[in-house]
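Worksheet for the structure shown next.
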Amino acid sequence: MNATALTEDENDDANLGLYQRATQTGAEWWRVSVADRPETYRLEHGVDDASGTGAVDIDLVVDAENLRAKLKKWRREGFAIDSGDTASAPGALERKAFMPELRRVAALAAAARHRPDDDTGETVRIGRVEVRCGAGGALVPRVNPAYLFAARFNDIVEDIGENRRVMLIGHTGAGKTSLIEQVAARSRHGVLRSNMNGQTTVGDFVGFWTVKGGETLWVDGVLPTAMREGLWLIVDEIDFAEPSILAALTAVLEPHGRLVLKEKGNEIVAPHPSFRLFATANAVGAMSQFRQLYQGANLMNEAFLDRWRVYLLDYLTPAEEADVLMRTLAPNMTRTLAATLAAIAADCRAAFAREDLSSAFSTRRLLDWAELMLRTGDPERAAGPAIYAKVSPEDAALIRGIVRHHIAPAA
Ligand SMILES: Nc1ncnc2c1ncn2[C@@H]1O[C@H](COP(=O)(O)OP(=O)(O)OP(=O)(O)O)[C@@H](O)[C@H]1O
Ligand SMILES: [Mg+2]
């Protein structure tokens with residue numbers, strides 16, 4: 001081993017390779033290779049972003065001591081050697097080629113998607129997505145002007161445009177239903193909702209025969225109604241649905257899937273182009289870990305889940321929720337008040353996830369409490385009807401403690 005070895009048990013070549021650290025849009029890297037003169041090293045620097053592998057913007061030759069100093073500095077800055085870069089490792093070239101290649105084709109696909117087609121139908125922009133407008137009508141939900149479209153919702157909105165079946169999972173009050181409703185409201189699509197955690201029968205869902213004025217009539221259930229009329233159907237709490245309803249749904253999970261009304265002489269219902277199908281659930285898939293909080297929820301089998309795009313929707317972050325509070329209760333809600341209230345909600349949710357609290361703390365509950373607080377000027381009194389009366393005495397005591405932790409009593 002020569003005197004300029006960088007470490008005692010490694011030769012200089014062990015330090016050759018690619019040192020990378022992630023950036024918000026890609027990666028920053030230094031490549032170390034041997035230079036022409038003995039015991040010198042070539043250092044090249046570049047930044048990869050969404051458009052692909054970046055050009056070399058720094059190119060220098062250093063001696064071993066200088067390299068050692070650089071390695072120390074890079075380590076401090078969060079660069080790590082990309083061990084897969086050694087050409088001898090199996091699959092090394094493919095491993096490195098994958099992301100630049102994927103970024104290139106994804107950018108092409110995105111450009112193609114956003115090129116206007118010859119369809120002249122009206123669209124509305126929601127987040128970064130152009131959504132085709134519907135026919136309007138009495139079933140279009142009301143626009144909530146205070147609704148916050150977080151950037152992470154873009155993929156979901158894009159899926160709606162592509163006619164994918166979308167399932168939103170998450171805690172109660174995290175915003176599953178309102179996301180779909182607010183997309184529908186802005187794009188003027190009518191919405192039907194059907195809750196599976198109650199008395200919804202397969203008759204309500206698919207349809208049934210009835211006698212009216214001596215005549216036997218078929219009444220469409222919500223599913224064929226939505227399919228024929230091009231409405232958006234939200235199947236709420238799908239993890240409580242009975243098997244016969246899931247069986248009916250499975251038929252229409254493909255984008256052009258047709259429904260066969262067996263009870264009506266096998267009449268075939270083809271989906272209107274505007275028809276969309278959504279489901280929400282609290283304790284499915286990645287949320288299964290919380291099943292004990294949602295008594296009676298069924299596990300959904302993988303084959304059924306694989307027919308959906310399943311998105312885990314978390315509560316809004318405290319900063320987003322403070323924003324929503326201010327937008328909803330403008331002009332009376334200030335940033336100071338909103339930030340504290342959002343922090344209280346976050347603490348209550350953490351207690352719920354730890355199972356210290358048995359009741360969830362929804363954005364709905366927070367908004368209601370805040371509104372009443374603005375009227376009464378008293379957080380404790382407002383919490384009575386908005387929170388405490390809805391939960392067990394133990395939960396109320398714990399929430400009261402959290403509130404006192406954040407709000408000092410008035411002097
Ligand atoms: N992004 C948001 N911007 C503004 N308000 C929101 C947002 N997300 C949720 N909310 C508020 O939270 C309330 C509860 O949301 P929503 O009813 O959609 O929850 P959910 O997940 O469907 O709950 P559940 O499981 O009980 O059905 C909504 O009425 C809305 O006022
Ligand atoms: Mg809901």
All Cα pairs of the chain, percent lying beyond 29 Å: 62 percent
Nearby lysines by direct alpha-carbon distance to K264 (threshold 29 angstrom, same-chain neighbours under 8 apart not counted): K212
Size of electric dipole in the chain: Cβ of Lys, Arg +1 and of Asp, Glu -1, about Cα centre, debye, nearest 20: 1300 debye
Solvent exposure ordering (accessible area, 1.4 Å, most first) of T376, T216: T216, T376
Charge dipole (debye, nearest 20) of region 318-406; +1 at Cβ of Lys and Arg, -1 at Cβ of Asp and Glu: 180 debye
FRET efficiency, V143 to L60 (Cβ-Cβ, R0 60 Å, nearest 0.05): 0.55
Point-to-point label distance, A397-T376, nm (Cα→Cβ direction, 7 Å offset): 2.1 nm
29 Å Cα-Cα reach of K390 towards lysines, excluding residues that sit fewer than 8 places from it in its own chain: K176
Förster radius 35 Å - calculated FRET efficiency between A80 and L102, Cβ distance, rounded to 0.05: 0.95
Surface share of carbon and sulfur [accessible, 1.4 angstrom probe, percent] for the chain: 53 percent
Degrees separating the helix 363-376 axis from the principal Cα axis of the chain, which is the longest one: 70 degrees
Extended-chain gain in nm, criterion 0.36 nm per residue less alpha-carbon gap, E355 and H45: 106.7 nm
Cα-projected label distance for T210 with N301, points at 7 Å along beta-carbon direction, nm: 3.4 nm
For F98, solvent-accessible area (1.4 Å; no DNA, RNA or ligand), Å²: 130 Å²
Accessible area (Å², per residue) of the chain, counting only protein heavy atoms and a probe of 1.4 Å: 54 Å²
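How would S358, S187 rank on accessible area, largest to smallest, probe 1.4 Å?
Solvent-accessible surface, decreasing: S358, S187.
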Nearest-ten-degree value, helix 92-114 long axis tilted from longest Cα axis of the chain: 40 degrees
Two-decimal log10 I(q)/I(0) for region 318-406, as the Debye equation yields it once each C-alpha is a single scatterer, q = 0.21 Å⁻¹: -0.98
Residue among A150, A174, A279 farthest towards the positive dipole end of region 123-312, charges placed on Cβ: A150
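The values are calculated or read from the model by the stated rules, or taken from the named source; none is laboratory data. This is a predicted model, so every value here is computed, not measured. Note that each Cβ is placed from the backbone with ideal geometry, even for glycine, and that neighbours are counted across all protein chains shown. Remember, those area values only see protein heavy atoms, side chains included, never the ligands or the DNA or RNA. Shrake-Rupley method; radii C 1.70, N 1.55, O 1.52, S 1.80 Å.
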